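The values are calculated or read from the model by the stated rules, or taken from the named source; none is laboratory data. It should be emphasised that the depicted structure is a prediction, and the values quoted were computed from it without experimental measurement. Note: ideal-geometry Cβ built from the backbone for every residue, glycine included; neighbour counts use all protein chains shown.
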Amino acid sequence: METTLQKYLPERAVMPCFELIKTHGVHLKIVNHRVTRHGDYRRLPNGLHMITVNASLNKYRFLITLVHEIAHLVAFETYGRRIKPHGTEWKRTFQHLMVPFIRPEVFPNQLLPIIANHFKNPKASSSTDARLSIALKAFDTEERNQSYVFELPYGSVFRLYNGKLYRRGNKKVKRYECVELATGRLYLFQPNAEVELVQETN
């Protein structure tokens, strides 16, 4: 397991993560890329704790995702199964588990203040924190062939991962109004939603 973790985590995070996995009896499965999630946690019928994390994540997002899912396990074990999955108990647990990692030996200096700010009130997904998501994306090794919604010109048409087409509209507070072309329905998109530009506005 240690050798496997070395491929996916920052070097100084390997041993602490290995200890967390061992302490909490985690069965970690590294899986192919999933568009809709970075990782998940399930308690199996036999009592085993199964955590899956996408192999495609860069090492900093992999670390945050792994600790995020272990926090679900620990919060449920500590407070019971009736708590909200991303409620106060989970947030407190996630903050506590991440503190040892928020240091320059683990994260690059340019990420540290953004991560520290995120963990004042962690979100259900790091992707919903646009600033953190964009900062983490800079460390991806795969060539990026998609655009963020906020980068697109007003009125341009884009395609989502599910093939649906939208036209980008105005920014409302933090999110962007976008109209689905097939139905005319209005949706709100996070600025860091990754999409494929189909047609720029004329």
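Figures for the structure shown
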{"item": "Number of the exception - Glu142 against (1) without any contact (Cβ under 8 Å) to a residue 40 or more places away in the chain; (2) not assigned by TED's automatic domain parsing to the domain that holds Leu111", "result": "(1)"}
{"item": "Selection status of Glu143, surrounded by fewer than 16 Cβ atoms within 10 Å (Cβ to Cβ), modelled with pLDDT under 95 and closer than 24 Å to Leu66 by Cα", "result": "yes"}
{"item": "Qualifying residue in the range 116-123 (condition: within 30 Å of Phe158 (Cβ to Cβ) and buried (at least 19 other Cβ atoms within 10 Å of the Cβ))", "result": "yes"}
{"item": "Subset of the range 39-51 (residues that are surrounded by fewer than 22 Cβ atoms within 10 Å (Cβ to Cβ) and touching a helix residue (DSSP H, G or I) at 6+ places or on another chain (Cβ under 6 Å))", "result": "Tyr41, His49"}
{"item": "Lone unmet requirement of (1) over 15 Å from the mean Cα position of the chain (by Cα); (2) free of Cβ contacts under 8 Å to residues at least 40 places away in the same chain; (3) over 28 Å from Leu44 (Cα atoms) for Pro100", "result": "(2)"}
{"item": "Unmet criterion (only one of (1) touching a residue at least 24 places away in the same chain (Cβ under 8 Å); (2) over 22 Å from Ala135 (Cβ atoms); (3) outside any helix (DSSP H, G or I)) for Ile21", "result": "(3)"}
{"item": "Filter result for Glu200 (at pLDDT below 90 and under 16 Å from the mean Cα position of the chain (by Cα))", "result": "no"}
{"item": "Near pairs, Cβ below 9 angstrom, 6+ apart or cross-chain, from the range 80-95 (in contact (Cβ under 8 Å) with a residue 12 or more places away in the chain and in the same structural domain as Glu69 (by TED's automatic domain parsing)) to any residue that is β-branched (Val, Ile, Thr) and part of a helix (DSSP H, G or I)", "result": "Glu89/Thr78; Trp90/Val74; Thr93/Ile70; Thr93/Val74; Thr93/Thr78; Phe94/Val67; Phe94/Ile70; Phe94/Val74"}
{"item": "Flag for Thr52 being in a helix (DSSP H, G or I) and either touching a strand residue (DSSP E or B) at 6+ places or on another chain (Cβ under 9 Å) or not hydrophobic (A, V, I, L, M, F, W, C) (or both)", "result": "no"}
{"item": "In the range 146-161, the residues that are exposed (fewer than 15 other Cβ atoms within 10 Å of the Cβ) and modelled with pLDDT of 90 or more", "result": "Pro153, Tyr154, Gly155"}
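For every residue, the table says whether it meets (1) among the polar types (S, T, N, Q); (2) modelled with pLDDT of 95 or more; (3) surrounded by 21 or more Cβ atoms within 10 Å (Cβ to Cβ); (4) over 20 Å from the mean Cα position of the chain (by Cα).
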residue: Leu20; (1), (2), (3), (4): no, yes, no, no
residue: Arg37; (1), (2), (3), (4): no, no, no, no
residue: Val53; (1), (2), (3), (4): no, yes, yes, no
residue: Ile64; (1), (2), (3), (4): no, yes, yes, no
residue: Glu69; (1), (2), (3), (4): no, yes, yes, no
residue: Pro85; (1), (2), (3), (4): no, no, no, no
residue: Pro104; (1), (2), (3), (4): no, yes, no, yes
residue: Phe107; (1), (2), (3), (4): no, yes, yes, no
